[in-house]
Each structure stands twice: as C-alpha cells, then as structure tokens.
1. Placing +1 on the Cβ of each Lys and Arg and -1 on the Cβ of each Asp and Glu in the chain, which of Gln586, His196, Gly879 has its Cα farthest towards the positive end of the resulting dipole?
2. Give me a comma-separated list of calculated 3J(HN,Hα) values for the range 123-139, in order, Karplus coefficients 6.51, -1.76, 1.60 applied at θ = phi - 60°, integers in Hz, x for any Gly or Pro.
3. Below 14 angstrom from the Cβ of Gly181, what's the summed charge of the other residues (Lys, Arg +1; Asp, Glu -1)?
4. Got a sec to turn the phi values of the range 563-578 into Karplus ³J(HN,Hα) couplings, 6.51 cos²θ - 1.76 cosθ + 1.60 with θ = phi - 60°, whole Hz, x for Gly and Pro?
5. Excluding Lys412 itself, calculate the net charge of residues whose Cβ lies under 12 Å from the Cβ of Lys412, where each Lys or Arg counts +1 and each Asp or Glu counts -1.
6. Any idea which of Ile275, Leu614, Gly84 is furthest toward the positive side of the dipole for the chain, if Lys and Arg beta-carbons carry +1 and Asp and Glu beta-carbons -1?
7. Sequence-distant or interchain residues sharing an amide H contact under 5 Å with Thr595, placed H: which?
8. Cα centroid distance between the range 839-867 and the range 152-221, in Å?
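None of the figures in this text is laboratory data; all of them are computed from the coordinates on show. Since we're looking at a predicted model, the values are computed, not measured. All Cβ positions, glycine included, derive from the backbone under ideal geometry; neighbour counts span all protein chains shown.
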Amino acid sequence: MPDRGGGPTGPRMRVGRPSRRVRTLLMTLGVLAVLGMAFTMFAGFWTDWLWYRSVHYSSVFTTTLWTKIGLFFVFGLLMALAVGFNIWLAHRLRPPLSAMSMEQQNLDRYRMGIAPYKRWLLLGITALVGLIAGASASSQWRTWLMWVNGVSFHEKDPQFKLDISFYTFDLPWYRFLLGFGFAAAILSVIAAALTHYLYGGLRITSPGARATAAATGHLSVLLGIFVALKAVAYWLDRYGLAVKSSDFKATDNWTGLRYVDANAYLPAKTILFCIAVICALLFFATLWRRTWQLPVIGFGLMVLSAILIGGLYPAIVQKFQVQPNEQAKEAPYVTKNLKATREAYGIDDAQVNEYEGTSKTQDKTKLRDDVGDAASIRVVDPNVVSPTFQQLQQIRNYYAFPTNLDVDRYSKDGKDQDTVIGLRELNLNGIPKNNWINDHFRYTHGYGVVAAKGTDADSEGRPVFTESNLPSQGDLGTYEQRVYYGEKTTEYSIVGGPQKEIDYSDDNGEKTFSYTGKSGVNLSNPINRAAYAVAFSEPQILYSGAIGEGSRILYNRTPKERVEAVAPWLTIDGDAYPAVVDGKIQWIVDAYTTTNGYPYSSRTTLGDTTADSLTATNNSRAVVAQQNQVNYIRNSVKATVDAYTGQVKLYQWDTKDPVLKTWMKAFPGTVKDKSEISQSLMAHLRYPQDLFKVQRELLSRYHVKDATTFLSGSEVWQVPDDPTNTSGDAVPPYYLSMKMPDQKAQAFSLTTTFTPNGRDNLSAFMAVDAEAGTSDYGKIRILKLPTNTTVQGPKQVQSQFNSEQNIAETISLLNRGDSKVEYGNLLTVPLDGGLLYVEPVYVRGGGLKYPLLRKVLVTYGGNTAFEDTLDQALNKVFGAEGGTTSPPEDDGGGTTKPPTSGNPTVQQALDDAQKAFEAGQEALKKGDWEAYGVAQKDLEDALQRAEDAQSKADKTTPKPSASPSSKPSSKPSSSPSPSSSPSG
C-alpha cells in the first residue's frame, strides 16, 4: 500500500507545490521592487539631464556628475582597499592553531561559523565602508574643482607670505585628504585589531604575551601612520591659524592670528609637529624591535606635550603677557585684520567724511529750492503699496503681485525717474476651480507689467501708473507681456499641446493661447512622460489625453531657482527684480562668489547679516540656506531670466574676482563676458541689496582704520531697528535718486543710516552709487556726524512724530473705525549740512482693502510738518515756498485759500474750490467720510475748471511777464487736495 502519510505521492507533495508558488511570487515582487527603485532613481537622473539640456547648461550637469562619480569611486575604492587589505593581512598573519591559547580556542566556534562566508564577509565589509567613504567624498566636488582649477589672487597673507589662493583653494582640499586619511587609518586599526583578536594574534585574558610579533608589527605600522597624519595635521594647523575664528573685543568671528597665536600657538604647533614625527618613527621601529615600550612612551609624551605646549603655555602667555598690555600687544594684528577684512568685503575704498549734521544757511527759500536738487524723494513705498497694485491692477483673481514691489529707473523725455514696478503674475489660489487641468494646463502664466512713479501720487492718494491695464499699456512700449517665469510660479505647467491656455480676459471674454517658446522639456517621448510621472508623483502625466504632440513641461520657474540650478557655485541675492529690456521682460538676479578662507578677514553669516524687517515678513527675499559663514564676497555675476522663455544668461560682472575665474575654468562657457551686456540692460542693473547689507554690517565696526580705536570700541555703530514697524528687525536699505555733498548731480543710490551702539541718535549716513555703467558705481560714501552733538536718528524722529499733539490727534482721527494707518519708508536725505527726513503715511480701511497715501511727514533742523502732500510739508518745514509750487494764501486766521485771479471765470472756480475745501475740513472733523469724499470730488472739479479757464485765457491773451504763482494748477501741491482724505 502506498504511504498515505508522507510518501512521494502523499500530502507532502501537495504541500510543496504552494510553497514554490509563494517563493515565485516573492521573487517576482522582489524583482519588481528592485526595478521600481531603479526606475525611480533613473527618473530623477533623467529628468535632471533633460532639464539642464533644455536650458543649454548640460555641461554644468555633466561636469558636476562626473566629478561626483570620480570622487565616489576613487575614494570609495581607496577606503575599501585600505580596510580590506588590512583585514586580509591580519588574517594572513594569524598564528597557527596549535599556538592559540584557551581564550582563542573558545572563539573557534565563531571562526568556524564565518569560515564558509569569509570571502563574502570581507567583500561586504569593504563594500560598506567604501560606499560610505565614496558618498562622503562625492559631496566634496566643490572643494575638488576649486583646488584643481584655482587661480592666484596675486596677494599674499601677512604672516606666512603665501598667496591667498592657498587658503581659499588648496588648504580645504588638504584638510579633506587629511580627514580621509585619519578615517582610513582608524578603520584599518579597528578592522585589523578585531581580525587579530578573532584569529589569535591578540589576547586579552590569557597569560603571557598579549600580542604576537606579527600582530604587534602590523598594528604598530598602522598606529605609526595615524601619528604621522597627526604630524601633518599639526603642520597644516600652523597655516590654519590665519583663518581661525575666535571672538575678540569689538567683533565676533574674528579671523587671523593674534599675539598669542603668533607667539605661542605657532611655535607650539611646530614643536608638536616635530614630536609627532619622532613618535611616528618609534611606531615604525617596532617592526624591528617587536616591543611597544618606546612608541607608547613617545605617544604619551606627545599627548602630554599637546596639553602643556599646545594648551597651557598659550594660556599663560595670554594671561601674563597680553592682558596687562593688550592694546599694545594686539595692535599690529588688529591692523592686519582691519586691512584684510576691508579688502575681502570690498569696503577698503569706502570714503568717510565728517558731516556737521546741522545747516547754517539762513536763507530758507534757498534751502527749500535745494530739496529738488538733493533728491527725487520717493513717497510711494514699494513695500506698502502692493495691495494697492493688487486692488487696482489685479484685474482677475488669478493674477497677483509680489508682497514687496521693486524700485527701478525708467527714462521719459530724456530724464530718468524712480519707478515702482511689479509683474502681474499667476496666482493659482485665485482661479475659479482648482483641478489638475486648470492648475497645470489652463492657467499657466501671468500677464503684463504694472509700473508707477515713485515720486507722485494722484489726488486720491493712489499711485500714478505709467504702465497699467490688461494688456498693459503706457510708457514701456511694446514688449512680450506673458509671464511664464516669475517669483510666484512655483508649480509646473504643461504647455504647447492640444490643451489651450487662458491668455487673459477682457470685456469680450477669455483669450486663449498656445505656448510657442522653446522652453521646457518635450513630453512627446513616452519615456520622458513616464520619468516625469514618477519624478512629480503624478501618474496622469503618463496617460492624460491633454498631453500630446508639442506638449512641453515647464518647471524650476522662479528666477532664483533657475540661476541656482545652472550655477550651483553661486550665492543668490534675495531680491530678483523685473525690467523691460529690448521688448522682453527680464528678471535680473544678482549673484555672489564667496569663500570662508580669506586669511585675517573676519567672518559673517549671510543669513543673519542680510535679515531685516522685510525678510522677517517675506521669506522669499531672504538669502536662502546661507547659514554658513563667509569672509569674502563679491557681486561677481549679473544674471537674467527671460520671463517668457525662461532663458538664463550669466554675465561676468567682477572681472578681477579670482573665485569667479576659478569657477569659469571649472565650467567653461557658462558665464558670458561683461562686454556682452547691452546698454539697454545696463540701464537697469543696480547695486545689490544683500551685498550692501553685508557691507554696512561690517562697516559698523570696520569704518575705522586705527587699531587703537577699534580695540577701544568707542566708534562701534549699529544698524537701527526699523522705526516704522514693531518687528524689532533692522531697517532695510532704500533705493533713492539723491546727491551726496561731493556729487554734482543726483545718482541712483542705495542708502542706510547708523546709530551709536546702544543709542538712538544718528552717528552716520551711508550711500552707495547703485547706477551700473557709471564711473562711480559701487563707490561707498559715509557721512560721519560729530560725536559732541546730538542729531536725531530714525527712531527718535519717529518718536517725535508720534508725540506731537497735533500730529497724534490727526493719526488718531485717521485710525478711527476700521481705518488703519500704515507708515511708509522713512527716507533720509543729506541737505546743506543737515538731514532731511521724509516719511509717507498711508491709510487702509474705511471700506477699502488697500492703503492710500494720505499724509507726508517731513522733519528738518528740529522743525516737523505733517501735511497732505510732500510740497506742503516742505513748505511748512522751511517756512518758504518752493519755486515749482503754487501754495495757498493765508487769510490771517489760519484758513488757507487758493490764489486770486483777475479772470471772473477762474475766480469763481477758485471760490468754489475754497468752499469745497472748507466743507471737507468740516466733514473731516465730524468723521463723516461720505461727505468728505463728496467735498473732495467738488474740490477737484473746481480746480479743474480753474485750470481750463486759465488755459483758455492764456491762449487768447498772452502774458509773458506773468508770475508763475499767478497761474492756478489743477493739482496745486500746497492746496488741500483729495490726497489728504482717509480711506472711505
């Protein structure tokens, strides 16, 4: 009878079949999982390659990739060989089994257990350490490229007389090699020691010798290599003193040698180097002596020397030689630090001039007339009026403006004017219905530029637009208005295929468009579609019918993202800004080369130094991921990103920067020559804000050139907090067309103020010529105020403004109900030895969701005015009328009225204007915003009638001798215009 319980035909055969199916299923799932992981890795690699090829910077991708691969394999292989060879050698040097002690014989079961897998275990260990080492080495691709391509600075450090390039390009690579050597030596010692112990070469509990002669020789050589590397480390540490950071007196992050470094640490490092070399030789000598006695003694002496010579001796020198006479001892080294820091940050040519802080001119009329020459005072704050642009020029909910607009210069009638500018970008949160098709196919781009005069507001307190509407029209002429790349375009879009895009909407309905540019990656290839479906975790990309022939995917669409991707060696400025150049909207991006290896130059942290009240509320303006310290910076590259095509161009700006030259050698052909910058583009280039913020932070201490003064700390300044808000962050620098005392004409400038450390009065005013293409571009001018007099600083001006009773009452009135006062930028302008402060005041509310310019604060020479317009405020402060204004007359009772006229029609219109003004003031006192608005409309109509009647009379009866003040204006700056009305 057959064996029913378990024979060949019994149940065991039936049980075996499902187990094979399970194994097959598991193997299949495993293979699929491996293939899935492989394709995911391939998708990331492939999409990156396609993107770099689409922007014509494939050389950046390939150079970076091959450098990483080369470092990975070379150093991974070296580490694997070092560890694997020492494991093999320790196994080869094992004692015979008969010579093993009882302790080692007890380990026999472990040896027997790994014996069948000995080769695989060796390969596994070496592969693991090789992978880790290779991955670590591949992250050093920047260090390698800078070392192999480094160019000379043609400047030597003051201590060792080595070219600066040694510290910036060579020393970091040598330190990496040293660290790799230490890691290899330590891992080899551990691996060899474990192998010797496992196979009897080392004994812990057994009597007799603790190690065989072979194990002793092997391990002594490895320890000798470790100590030899320590000797090299001591020698490199000597040069490292020139770039060593420490906190010292008036500055944190001091870099360079001090007295104790030059006279204690430097000789100590040299002595320790010699001791380490001798100690290493003693370890190597163990190959012949076969005893640990001498090397152990030598190693002990080296450790003791490190404690005494390297630690205790410098502390004694600092305590008993430096501290009793610190200024005299440290002065020569401080002088070196001052010189190096000023050179490294480009502030060595900063011009510091004494400035009185008060005007001695008695002619107030002249002072009033000089204001127009001193500055084109900007009353439109780009950091306040974005909601106004949004409300008046958004047109459709799916458009939006950035939180902070930009300031640029545009020429009209041959004269440059400061202009506040922003792009109408795509806002996906505002589209009627969010779904995959709408978000990525239908709504793909913004449309048009909106610009306004920086120095004017209209009668309602709104910006005076020079480019507006949809499509945009105005002073900028004809240009490609579609914005596919911008600061708000953070999502990918698929364009150019069968699905039409919404171009813009007008009274006739929606206009459609299909992208015709060559930007993006073509999705016609199914492999590309599959790769992007995986990369973006969106399977619809693979099978959607909305993608077809000609479809292209656009991503990495913000200007900063694109520049960072094509030039990963650059640090990007936090504020990219748009400009209309040669019929195209171009994003202009400033980029920096940096290093932290400039000897004697003090370090700064870019993320902290560039923070201010704007970056606190708008992270997009911050210098991204820059918490690493640097002690050298140059605005070496100006980059542009086309808002329609996404094309990125890098232009060499600093032609002398050796760091940029090094990167240009590493990535040839990526940076265009400076001569290729067109004049039309040059007109919009400007001095970058983040560089200026770094420089002003350094100049708060390094404006002095005398070591004694620097050490005393008596001349330390600080950047004041922004007085217009309660964030407690630094005041941002402001762009302004202005004239410094030594300049003959206004120049587009970037300005800031300083206060003494711990006080609020003004200590200095700083401006840099920001107009590219001029001979003075980048010239820093500092007006230093006398220390024996007190000149009000920004915070004090703001406090005075808030404390004056009549101003406080008006502010309280404007803050009534749902209205809210918002303070604009507090601008500082040097004027005839004194300082003029101007601050626009906006009101948001009263039924409106956006701020309108309602008042202007002006302070000069202790006099303060808070009026409806800038001209009115200036007239009141100086007690004189400007040459270009037509101020109202005073009837002696404190009531203003328009000027009189001999023309009955004009006079009637002026009388009506006076009545409307009085009605408006009465309504303002009662808080009747509706009546106030009607009165302001009547006032504007009356003034317009007066202007029209006077113009008609002038045509029929010429009066060449007429005084300018006799001609009424439709918007007399001193008359009570509707711009004084609160929101409502």
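1. Farthest towards the positive end: His196.
2. 5, x, 5, 5, 5, 5, 5, x, 4, 5, 5, x, 5, 5, 5, 5, 6
3. Values: positive: Arg175, Lys230; negative: none.
That sum, taken over residues with Cβ under 14 Å, equals +2.
4. Computed from phi, the couplings for the range 563-578 are 5, 4, 6, 7, 9, x, 8, 9, 9, 9, 4, x, 10, 7, 9, x Hz.
5. On the way: positive: Arg409, Lys415, Lys453; negative: Asp413, Asp416, Asp418, Glu467, Asp475.
Summing Lys/Arg as +1 and Asp/Glu as -1 gives -2.
6. Comparing the listed Cα positions along the dipole, Gly84 ranks first.
7. Distant-sequence amide H within range of Thr595: Asn631, Tyr632.
8. When both Cα centres are located, 69 Å separates them.
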